[in-house]
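Colleague: A single structure is presented below for examination.
Just so you know, all these numbers are worked out from the coordinates, no wet-lab data involved. These numbers come from a predicted model, not from an experiment. Please note: Cβ atoms are built from the backbone with ideal geometry, for glycine as well, and neighbour counts cover all protein chains shown.
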Amino acid sequence: MNPIPSVQSHGRIIGALMMREIMTRYGREGLGFLWLVGEPLIFCVGVLTMWHFIKPPYEHGIKLGPFVMTGYMSLLLLRHLISTTIVALQANAGLLYHAKIKPLHIYATRVILEFAGATCAFVVVYALLLALGQVSLPSDYLLLYSGWLIMLGLGSGLALTFGGLALLSDLFERLVGFLSYALIPVSGAFVMTSFLPSAAQKIYLWIPFPHGVEMIRAAVFGPFVETHYDPAYALLWVLILNLSGIVLIAVASKRVEVD
């Protein structure tokens, strides 16, 4: 059986859902779909500006601008994936009337849109800091792309897992906001592993998120800044979280009422 027609069919469904989502969320007037990039961009620039006034220009010998950019954009990707995906199926249950549309199509649509918006915002902020002389071009593009894709994998896995649990429990859905904030200290956004005592570093690196952030920072800062990461360990968590999320959604989606 040729899998290509099936892949093309899924691609067409997700493409159509993406256009619908953009029109529904941002409308046809004004900036419209540009808000997909504008929202994360405004958040990141706002945080950079605030930290510029309350923090010294260097943190542990590292420039503040690229430190905040690499960390906050990674955190923003995680949190936006969770916040927009948590009730994706509940908000679009009516689409399941169409036999070809499956729950994972709806989740994939939101994951792709948030990733696209966050990636474009990252590029714009990077270009801005580059123009201001705050950062150089990446020393390792492959490492940068790999770290960013790992953050996508972790974010999508967490979003799918939380989404499945929210379908099973209304109480969990209410706790997601708290859990999203709880990600901040463990995300690696505002601390590097090298800042911690050696004993704490080993414990900290049990958490998967700092590995992706440290890969991004290693690519941006170059070999002269100490970073710690294990891509294989992070990828193992990508696999675990995404498979768990898919199974949970497959089980829980049967409970969704199609209006």
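Colleague: Taking the chain as a Gaussian network, Cα atoms linked when under 10 Å apart, which of 235, 95, 76 shows the biggest mean-square fluctuation?
Modeller: Of 235, 95, 76, the most mobile in the Gaussian network model is 95.
Colleague: Something else: In bins 5 Å wide, starting from 0, what share of all Cα pairs of segment 87-217 does each bin hold, as a percent?
Modeller: Binned Cα distances yield the sequence 2, 9, 14, 17, 18, 15, 11, 8, 4, 2, 1.
Colleague: What list of ³J(HN,Hα) couplings, whole Hz, do you get for segment 170-184 from phi and the Karplus terms 6.51, -1.76, 1.60, once you set θ to phi - 60° and write x for glycine and proline?
Modeller: Result, rounded to whole Hz: 5, 4, 5, 4, 6, 7, 4, x, 5, 5, 5, 5, 5, 5, 3.
Colleague: Sort 247-254, 145-152 by packing, meaning the average of other beta carbons within 10 Å per residue, with the highest value first.
Modeller: Values: 247-254: 16.0, 145-152: 21.5.
Put in order of decreasing packing, that is 145-152, 247-254.
Colleague: Suppose R0 equals 30 Å. What FRET efficiency, 1/(1 + (r/R0)^6) with r the Cβ-Cβ distance, do residue 137 and residue 232 give to the nearest 0.05? Walk me through the numbers before you get to the answer.
Modeller: Details: r = 27 Å, r/R0 = 0.91.
Result of the calculation: an efficiency of 0.65.
Colleague: Something else about it: Highest first, please rank the peptides 77-88, 220-231, 184-195 by the mean number of other Cβ atoms sitting within 10 Å of their residues.
Modeller: On the way: 77-88: 22.4, 220-231: 16.8, 184-195: 18.3.
Packing order, densest peptide first, comes out as 77-88, 184-195, 220-231.
Colleague: Highest mean first, how do 131-140, 103-112 rank when packing is the count of other Cβ atoms within 10 Å averaged over residues? Please report the intermediate quantities before stating the final value.
Modeller: On the way: 131-140: 13.4, 103-112: 22.0.
Ranking the peptides 131-140, 103-112 by packing returns 103-112, 131-140.
Colleague: Counting only Cα, what are the radius of gyration and maximum Cα-Cα distance Dmax of the chain, in Å?
Modeller: Gyration radius and largest Cα-Cα distance of the chain: 19.2, 61 Å.
Colleague: Okay, moving on. Using the Karplus equation 6.51 cos²θ - 1.76 cosθ + 1.60 (θ = phi - 60°), what ³J(HN,Hα) coupling, rounded to whole Hz, does each residue of segment 109-125 give in order, writing x for Gly and Pro?
Modeller: Here the 3J(HN,Hα) series is 4, 5, 4, 5, 5, 5, 5, 4, x, 5, 5, 5, 5, 4, 4, 5, 5 Hz.
Colleague: Okay, moving on. What is the extension gain from residue 244 to residue 9, computed as 0.36 nm multiplied by their sequence separation minus the C-alpha to C-alpha distance, in nm to one decimal? Provide the component values of the computation, followed by the final result.
Modeller: On the way: separation 235, 0.36 × 235 = 84.60 nm, distance 2.48 nm.
Extending this stretch completely gives an extra 82.1 nm.
Colleague: Wrap a convex hull around the Cα atoms of segment 172-243, take a quarter of its surface area, and give that in square nanometres. Could the numbers behind the result be given before it?
Modeller: On the way: hull surface 23.0 nm².
Averaged projected area of segment 172-243's Cα convex hull equals 5.8 nm².
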